Every structure is written in C-alpha cells, then in structure tokens.
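One structure below.
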Amino acid sequence: MKFFLLTLLASLQLNAQIIETPSLGDCLKQASASSAQYKSEEVAFVFDIDNTTLMLLNDLGSVHWFRWQYELIKSGATKNRVANNISELLEAQGWIYNLSTSRTPETNTATWLASLQTAGHPVLFHTSRSPSARNSTERDLEQNHLIPLVRGVGAHEGRPGTFIFQELSKQRPVSFQNSVYMTDGQDKGVWLEKLFNKIGVRYKHIVFVDDELKNLQNVENAFKNKIPQTLCRYSRLDSRVQAFNNSNKLPEIELWSKLSRIIQKLHHIQ
C-alpha cells in the first residue's frame, strides 16, 4: 500500500500544471512557486514568440492572418488570397516580417525575462516561424531587449550553440542559435525534446509559455511522466485575434495590395 501511494504521488508530481492568464508576470510567479524545490539552473523557461513575447503592430503577417490565408489555400478559395501554396505564403510572410515592426504585448515583458536571467534560469525562445525568418526574428527580439540572453538554454553550459537538422520524412529544417529555436510548424513538444537531447541538457522542471493550446498539449504529451511541467496559455491577445477573425479584413487586404506592388517592383529591378 505504501509503495502504491508513493508511486501515485510521483505520478501526480510529473503531471503538468496548466495556467491560463493574460499576464506574463502572473504566469511566471506561479511557475516559480510550482518549481521552488529545484535550483534555478534546473528549471528551464521556454517562450513562444508570436502573440506571446512579440506581436506585430499590424495584423498583416500575424499568426492569425497566416491561419486565415492557410485556410483560403486549403479550401481552394482564390478571393483575397496572397499565395497559391504554403511555400509562397511563407515567402509572403517573410517579406512582411522583414518590413514590419514588432513590440512586446506588455510593457514589462523584457523586465520579466531579465528577472529570470538574474535568478539563474536558462531561457529559450521556441517559434514555428521557420529558420528562414531568423534574421528578422532576432532583430525584433533584440530591439525589444529580449536578447541577447545571459543564460540561454545550452549556451552557458558549453553546449553547441548552432545547428541545423531535418525531419527526414518531410525535409523541413529547424535551427538553433543564440537560444532561439526556429522550427517549421512541427510538433513543438517532440522537437523541444529533440533539442534537449541534441545539446545534452537535462532539466528537472520545464515552464512553457504559448498562446496556442495545441502547443501546450504537445509539450505535455512529449514530457509526460518524464519531467514536471508548468504550462501557461498566454491569453492577452485573444480579443485581438477574435476581432480579426470576425472582421472583413479590408485593412489587411489593402495593405497587402500596396506591399505586393512594391515587392513586384523590387523583383523587376535589374
């Protein structure tokens, strides 16, 4: 009976704690409390980028804009579509990232992340933007004082800081550099575990912050019964996403029309 209770307790301790909040500060406070029994360097904090630590000033190019365009392509609709396939859509989004400005959803986002660094926690940014968007992504992170990191995942432990490898079944590359992990739409849980194995880091608790519930569930599934987790669904921009989904999207359609004409002219410069 005693063995059964100890086994049950261990199982419960490995279950993920799920938090939903519009405040990154609240999320981090609760996460720190739930992992207080571990040393700072044993607790890794992993942050999504889009609609979590960064947001575009315009909806054009955003995650919710991309999802709308993806559904247009998938359904075969042609009206208001900016691309004929996913590859072209990613290229269009890449242009938008390069020409757009981002900011943090909260004015103190950088302060909260700096406090984690000061406390000694390893920090990682994990995005599905794809490796091709690294330059604009790191530019935006740096402009918003989110990088460089004093204690990035792997880097402070002398682990390899840069690599590219591929998911052989689909040939979609991912890259890791400067504690920014660029994947390409793959399962975030599976590929976070792959990263930790690749660079040889072991943590006793993982805190994962993302606005997408699916990504939180994937991380929970990947590390279930392996490592305790605190999962935070960041809901601060839910109203903005909902407003976009319910809108006629004319501002974004008109803005893309202007931008695409500029891109076409650039392509024809000899």
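The values are calculated or read from the model by the stated rules, or taken from the named source; none is laboratory data. On a predicted model such as this, the values are computed, not experimentally measured, just so you know. Cβ coordinates were reconstructed from backbone atoms using ideal geometry, including for glycine residues, and neighbour counts include every protein chain displayed.
Do we find that Asp238 is in contact with a strand residue (DSSP E or B) (Cβ under 6 Å, 6 or more places away or on another chain) and of a type outside the set (Val, Ile, Thr) in this structure? In short, no. Of the numbered criteria (1) surrounded by fewer than 17 Cβ atoms within 10 Å (Cβ to Cβ); (2) under 21 Å from the mean Cα position of the chain (by Cα); (3) under 26 Å from Ile86 (Cα atoms), the one Leu195 fails is (1).
Condition check ((1) modelled with pLDDT of 95 or more; (2) within 19 Å of the chain's Cα centre (by Cα)) across all residues:
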position: Trp65; (1), (2): yes, yes
position: Ile86; (1), (2): no, no
position: Thr101; (1), (2): no, yes
position: Gln117; (1), (2): no, yes
position: Phe125; (1), (2): yes, yes
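Residues of segment 19-37 include none that is under 30 Å from Lys249 (Cα atoms), at pLDDT 95 or above, touching a Ser or Thr at 6+ places or on another chain (Cβ under 8 Å) and of a type in the set (Gly, Ala, Ser).
In segment 194-221, which residues are part of a helix (DSSP H, G or I) and in contact with a Lys or Arg (Cβ under 8 Å, 6 or more places away or on another chain)? Break it down into steps so the answer makes sense when it comes.
Initial filter on segment 194-221 (part of a helix (DSSP H, G or I)): 194-199, 213-221.
Residues satisfying the conditions are Phe196, Ile199, Leu213, Asn215, Leu216, Asn218, Val219.
Quick one: which of Asp211, Asp238 is modelled with pLDDT of 95 or more, surrounded by fewer than 20 Cβ atoms within 10 Å (Cβ to Cβ), farther than 17 Å from Ala44 by Cα and acidic (Asp, Glu)?
On inspection, the qualifying residue turns out to be Asp238.
For Ala31, state whether it is surrounded by fewer than 14 Cβ atoms within 10 Å (Cβ to Cβ) and under 17 Å from Ser115 (Cα atoms). The answer is no for Ala31. Within segment 127-159, restricting attention to residues that are surrounded by fewer than 17 Cβ atoms within 10 Å (Cβ to Cβ) and more than 16 Å from the chain's Cα centre (by Cα), the residue that is farthest from Glu41 (Cα to Cα) is Gln143. From the list Asn225, Asn221, exactly one residue is surrounded by fewer than 20 Cβ atoms within 10 Å (Cβ to Cβ), touching a residue at least 12 places away in the same chain (Cβ under 8 Å), touching a Ser or Thr at 6+ places or on another chain (Cβ under 8 Å) and more than 17 Å from Val123 (Cα to Cα). Which is it? Testing whether each residue is surrounded by fewer than 20 Cβ atoms within 10 Å (Cβ to Cβ), touching a residue at least 12 places away in the same chain (Cβ under 8 Å), touching a Ser or Thr at 6+ places or on another chain (Cβ under 8 Å) and more than 17 Å from Val123 (Cα to Cα) leaves just Asn225.
The single condition among (1) closer than 23 Å to Glu41 by Cα; (2) of a type in the set (D, E, K, R); (3) modelled with pLDDT of 95 or more that Lys194 does not meet is (3).
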